[in-house]
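Colleague: First, the structure itself, so that you have it in front of you.
The values are calculated or read from the model by the stated rules, or taken from the named source; none is laboratory data. This one's a predicted model, so the numbers in the text were calculated from it and none came from an experiment. Reconstructed Cβ throughout: ideal geometry from the backbone, glycine too, with neighbour counts over all protein chains shown. Surface areas here come from the heavy atoms of the whole protein model, side chains and all, with no ligands, DNA or RNA. Shrake-Rupley method; radii C 1.70, N 1.55, O 1.52, S 1.80 Å.
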Amino acid sequence: MAGTTPTEATVAEVLQELAGLEDPKARAVNEKHGDDHGVNLGKLRALAKRLKTQQELARGLWETDDTAARLLALLICRPKAFERDELDAMLREARTPKVHDWLVNYVVKKNPHAEELRLAWFADPDPVVASAGWALTTERVAKQPEGLDLAGLLDVIEAEMKDAPQRLQWAMNHCLAQIGIEHAEYRARALAIGERLEVLKDYPTSPGCTSPFAPVWINEMVRRQDGK
């Protein structure tokens with residue numbers, strides 16, 4: 001496919017190239033995080049850059065149900081071209097954490113139906129789907145908080161985060177930290193909730209990285225903001 005122009009690429013050709021990028025070491029690392037593919041993400045992004053935006057090819061790659069192909073699809077698609085129900089179906093089909101995260105962050109957040117989907121997913125009984133609703137809510141906490149009930153969000157986090165399934169717990173924890181970082185009037189309460197629940201308090205953190213434990217995360221980000 002090296003000599004193929006972007007518009008000529010077919011699903012079969014792209015799958016063949018992805019197969020050639022398979023790296024057992026990358027697969028081992030990815031599988032530890034629940035992602036069943038062996039393509040280095042830097043090489044995946046390079047391929048996406050060469051293919052450029054191709055909505056129909058993206059749809060075809062998504063339909064393969066192959067994780068690497070779906071990640072590539074999310075990089076070459078046109079986010080605003082998807083209908084609401086299409087994105088809802090895609091989220092429910094997203095089997096792996098990376099596909100789920102990229103779909104929400106690279107596509108849904110840029111789609112005109114994002115707010116409608118946020119509200120629908122936030123209340124979904126499936127905790128993985130609900131985690132997407134929380135991720136979109138966290139985005140609004142940071143960038144467009146007008147109209148959000150921040151105190152109400154803290155109420156839900158305080159009542160439910162401790163016993164929430166892992167993916168949902170992470171998303172709620174991120175929202176808790178974002179409220180504490182961005183909204184000084186709720187910072188003391190956000191810190192108190194984090195201290196009391198102790199969610200992710202002992203999570204192993206690499207040197208130079210900020211702990212996901214909300215009180216540490218909030219205090220570190222506020223310190224950086226104040227130091228500007």
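Colleague: Working out 0.36 nm times the residue gap between Thr64 and Ala192, then minus their Cα-Cα distance, what length gain in nm do you get to one decimal?
Modeller: Length gained, Thr64 through Ala192: 41.5 nm.
Colleague: On to the next question. To the nearest 0.05, what FRET efficiency results for Lys52 and Arg95 with a Förster distance of 25 Å applied to their C-beta separation?
Modeller: With R0 = 25 Å, the Cβ-Cβ based efficiency is 0.40.
Colleague: Given a cut-off of under 8 Å on Cα pairs at least six residues apart, what relative contact order in percent is computed for segment 127-228?
Modeller: It comes to 25 percent, rounded to a whole number.
Colleague: Follow-up question, since we're still on this one. Give, in nm to one decimal, the length gained when the segment between Glu13 and Lys109 is fully stretched (0.36 nm per residue of separation minus the Cα-Cα distance).
Modeller: 31.6 nm
Colleague: By how many degrees, 0 to 90 and rounded to 10, does the Cα axis of helix 187-197 deviate from the longest principal axis of the chain?
Modeller: Here the helix axis deviates by roughly 80 degrees.
Colleague: For segment 85-103 and segment 52-84, write down the distance between their C-alpha centroids in whole Å.
Modeller: 11 Å
Colleague: Counting Lys and Arg as +1 and Asp and Glu as -1, each charge on the Cβ, what is the dipole of the chain about the Cα centre in debye, to the nearest 20? Numbers along the way, then the final one.
Modeller: Details: 30 positive and 36 negative charges, 188 e Å.
For this selection, approximately 900 debye.
Colleague: Which value, to two decimals, describes the C-alpha radius of gyration of the chain once divided by 2.2 N^0.38 Å? Show your work: numbers first, answer last.
Modeller: Numbers: Rg = 19.3 Å, N = 228, 2.2 N^0.38 = 17.3 Å.
Dividing the Cα radius of gyration by 2.2 N^0.38 Å gives 1.11.
Colleague: Could you tell me the ratio Rg/Rh of segment 9-88? Both radii from Cα atoms, Rh via Kirkwood.
Modeller: When Rh is taken as the Kirkwood radius, the ratio is 0.98.
Colleague: Hey, what did the chain get for relative contact order, percent, Cα under 8 Å, at least 6 apart?
Modeller: 11 percent
Colleague: Relative to the longest principal Cα axis of the chain, at what angle does helix 127-143 sit, 0 to 90 degrees, rounded to 10?
Modeller: Approximately 70 degrees, to the nearest 10.
Colleague: Provide the per residue accessible area, probe 1.4 Å, for the chain, rounded to a whole number of square angstrom.
Modeller: 52 Å²
Colleague: If you don't mind, another one. Tell me the angle of helix 41-51 to the major Cα principal axis of the chain, expressed in degrees between 0 and 90 and rounded to the nearest ten.
Modeller: Long axis of 41-51 versus the principal axis of the chain: about 50 degrees.
Colleague: For segment 107-186, give the percent of accessible area contributed by carbon and sulfur heavy atoms, probe 1.4 Å, rounded to a whole number.
Modeller: Carbon and sulfur: 52 percent of the exposed surface of segment 107-186.
Colleague: Jot down the per residue volume, in cubic angstrom and as a whole number, of the convex hull over the alpha-carbon atoms of segment 93-228.
Modeller: 127 Å³
Colleague: How high is the relative contact order of segment 33-121, in percent, with contacts defined as C-alpha pairs under 8 Å that are six or more residues apart? Show your work: numbers first, answer last.
Modeller: Details: 86 pairs, mean separation 26.3, N = 89.
Reported as a whole number, the value is 30 percent.
Colleague: Arg45 versus Asp163, label points 7 Å from Cα toward the beta carbon: distance in nm?
Modeller: Here the modelled spin labels are 4.1 nm apart.
Colleague: A further question follows. Tell me the label-point distance for the pair Lys80, Val222, using the 7 Å Cα-to-Cβ offset, in nm and rounded to one decimal.
Modeller: 3.8 nm
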